[in-house]
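The values are calculated or read from the model by the stated rules, or taken from the named source; none is laboratory data. All of these numbers come straight from a predicted model, not from anything done at the bench. No Cβ is skipped: glycine too gets one built from the backbone with ideal geometry, and neighbour counts run over all protein chains shown.
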Amino acid sequence: MNLRSQILFQDQTRTRTSDLVTAVGSWHKTYVHESSHWARYHGSTVGILLSLLRRTRDQLAAYTISHLPRQDVEHLHEDRSSGLPFFSFERYPKHAQGELKYSELDWLNLYFAYYLLLDPEGLTEFDTATWDMRAAMEHSLEDMWRQGAGMEMVECPDDVRVGIDGPLKLVHTSEGPLTSRVLFECAAVLDELFQVEGAFIRKADPALREFLLEVLNGEYGMPCRLARALAGRTLGGSTVLALIDFALNPVVPGLNSDDPSVDWKELYPPYRFVTAAKAMTGWETDLEFQYPSHEATVHFQHMLAKRSGLRMGSVASRLSDLSTLREAATAPMHLSARTPAVSLMCASRLLALRERDVCSISHYGVNFLGERATRFIKPDRDVQWLFPVFQVSQGEYRWPAEHVGLDEATDLLIGAAVASAYDDILHGVGPLAHDHLPRSLFDDAGQVEALNQVLKDSTGLDMGWHRT
C-alpha cells in the first residue's frame, strides 16, 4: 500500500509454484495483508490525521509552486539540476524574504510532522536531530485544524493555539525504533495468520505458514515481542491486534473535540502501544480466550483506557459530505484535494462500520473467515470500503467500474499523480518518481505527455515525468 497515491499494488502471486491451491493461498494472504493497511489507515484517527496533514502540505505546495516569481522558478530548476532540493531541512532557511520564507517553514514543518507520526525513518538523521520537533507538531496540527474547521474538523476558535504536553520523544527498543508503520505491518501479518484457519491455507503448502512465522521473527514481529516483555507474559495475536488498534486511535485536537491540548504520550501511537502493553500486566481479558467479537473488543477498549489512563480517540465531526466515488471525481476541487476527498469519504464509512463491528477493522483478517466472509461475495455499501478502491495489477490500473467510469477513474488517478509530485518538486531532485503509480501509464509516450501537460497547467512549471 503506497500512501503517496492510495493505490494498492497487487501481484498475481509471490509464490512460484505449480500448485494452484498454494498459489491462490499465497495471493489471498498477500491481498489480506495489503488491504488491511487500507482499512486500518482509513478506519483510525491517526490515519485521518495523516490524511489531513498530507492534504494541508499538498495544498500549501500547490499554492507556493503556482505563485513562484520567475526568478525563484529559475532557482528551483537550478537547484534540482545541481542535486539540491528547493526546500531542505539541511539548507533551511534558504528563502529569507517575502511569502516564500513562511511557506518554506510551514511546508517543512508539515512534512516533518507527517513522517514523525508515521515513520521517522522517512526523515534524515539531520532532520530529527536538529529540527524543532515541538514547533513542527504544534504548528502543523494548528494549520491542519484551521484548514479543516467546520468541515472535516470541529470549529476552530480564533485564538486557538495547539499545545502538546510532555517531552516529545520517540520510542526506542533493544531491536530498534518502534514506529506507527511497524504497528501497521505487525497487524497485517497477524491478519495473514488468521488465514491459516481458512480453507486455502489449510490445504496449501505448509511453507506458507512457516514463512509468516519467520516474518514475525523479524522487524514486523517487534510489537508482539515488546508487548510480551512489557506485560510480563505471552499475549495472543488477537490481544496484540486490539492493542495496536488502541494505539492507532489517539485523541487528536480538532478531531476528537475543540480541546487544543494533548499529551505526546496520548497522541503518539508507539507510546500508546507501550503504555497499553504495560497495562496488560496482571490482567487477562476475554480476547485471550475466545474468538474476537465486537462486544469483547469494545469492552477491552474501555477497560484498557481505564487501566492505561489513555483515551480512545474518536471523530466528533462529519468527515465528508460526499456519498459516492463519482462525486469525489466530479465535484469542483483542486487536484491536490481529490485523493484526500476519496480517503475522507472512505474513512467516514469505515468509522460508521467501526461503531457496529469494530473487529472488521481491529481484527481485519477475520473478515475472510466463516460466515463473515460470505458478505464479501457481494459487498454491501458499507463493507466495500474495507478494500482499497483503486488497485494496480501487473502494472495496469484497476477501478470499481460499478461506481466510476473510465473518465472519472482517470481524473482521480491524475489527481493522485499530480498531488504526489509536489513532494518531488519541492523536496526532491532528478526525475519525478513514479513507482507509486501504474507502470502502464508511463509505457505510453502520449499518456506521459498528457499527464505532464496537466502538471504544467497545475503548477506553471515546465516539469514532468521522464524529464530531468
Failed item in (1) basic (Lys, Arg); (2) under 20 Å from the mean Cα position of the chain (by Cα); (3) modelled with pLDDT under 95, with ARG272 passing the rest: (3)
Conditions (1) outside any strand (DSSP E or B); (2) surrounded by 17 or more Cβ atoms within 10 Å (Cβ to Cβ): number failed by PHE126: (2)
Test: residue in region 16-24 that is outside any helix (DSSP H, G or I) and either at pLDDT 95 or above or hydroxyl-bearing (Ser, Thr, Tyr) (or both): yes
Residues of region 299-325 satisfying the condition of being β-branched (Val, Ile, Thr) and surrounded by 17 or more Cβ atoms within 10 Å (Cβ to Cβ): VAL315
Flag for VAL240 being under 22 Å from the mean Cα position of the chain (by Cα), of a type in the set (A, V, I, L, M), under 25 Å from ALA347 (Cβ atoms) and assigned to a loop (DSSP other than H, G, I, E, B): no
Output for region 67-120, where each listed residue is small (Gly, Ala, Ser) and either within 23 Å of the chain's Cα centre (by Cα) or closer than 30 Å to PRO270 by Cβ (or both): SER88, ALA113
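Residue-wise test of (1) touching a residue at least 40 places away in the same chain (Cβ under 8 Å); (2) aromatic (Phe, Trp, Tyr).
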position	(1), (2)
PHE390	yes, yes
ASP424	no, no
VAL429	yes, no
PRO438	yes, no
Subset of region 149-163 that is part of a loop (DSSP other than H, G, I, E, B), of a type outside the set (Val, Ile, Thr) and touching a strand residue (DSSP E or B) at 6+ places or on another chain (Cβ under 6 Å) - its residue that is surrounded by the most Cβ atoms within 10 Å (Cβ to Cβ): CYS156
Residue count for region 418-457, restricted to those that are part of a loop (DSSP other than H, G, I, E, B) and more than 20 Å from ARG398 (Cβ to Cβ): 6
Residues located in region 448-467, provided they are closer than 17 Å to GLY428 by Cβ and acidic (Asp, Glu): ASP462
Every residue from region 31-62 that is over 22 Å from PRO269 (Cβ atoms) and touching a residue at least 24 places away in the same chain (Cβ under 8 Å): ASP58, GLN59, LEU60, ALA61, ALA62
Tabulated pairs, region 1-27, first over 20 Å from PHE184 (Cα atoms), second charged (D, E, K, R) and at pLDDT 60 or above, C-beta under 6 angstrom, 6+ apart or interchain: VAL21/LYS203; THR22/ASP205
Elements of type helices (runs of 4 or more DSSP H) contained in region 243-319, each with 2 or more residues being under 18 Å from CYS224 (Cα atoms): 269-278, 294-308
Condition met for SER180 (under 23 Å from the mean Cα position of the chain (by Cα) and polar (S, T, N, Q)): yes
Residues (surrounded by fewer than 16 Cβ atoms within 10 Å (Cβ to Cβ), touching a residue at least 40 places away in the same chain (Cβ under 8 Å) and closer than 27 Å to PRO332 by Cβ) located in region 440-468: GLY460
Near pairs, Cβ below 7 angstrom, 6+ apart or cross-chain, from region 339-362 (farther than 17 Å from LEU322 by Cα and in contact (Cβ under 8 Å) with a residue 12 or more places away in the chain) to any residue that is among the small types (Gly, Ala, Ser) and surrounded by fewer than 24 Cβ atoms within 10 Å (Cβ to Cβ): CYS359/SER293
Within region 96-105, tally of residues that are out of contact with any helix residue (DSSP H, G or I) (no Cβ under 6 Å at 6 or more places or on another chain) and either outside any helix (DSSP H, G or I) or in contact (Cβ under 8 Å) with a residue 12 or more places away in the chain (or both): 6
Pairs, first without any contact (Cβ under 8 Å) to a residue 24 or more places away in the chain in region 179-192, second in a helix (DSSP H, G or I) and surrounded by fewer than 24 Cβ atoms within 10 Å (Cβ to Cβ), C-beta under 6 Å, six or more apart: none
Unique match (being more than 30 Å from GLN195 (Cα to Cα) and modelled with pLDDT under 90) among ALA96, ALA113, ALA61: ALA96
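Here's the yes/no breakdown for (1) among the hydrophobic types (A, V, I, L, M, F, W, C); (2) under 24 Å from HIS28 (Cα atoms):
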| position | (1), (2) |
| --- | --- |
| ALA296 | yes, no |
| MET303 | yes, no |
| ARG318 | no, no |
| THR330 | no, no |
| MET345 | yes, no |
| VAL358 | yes, yes |
| ILE361 | yes, yes |
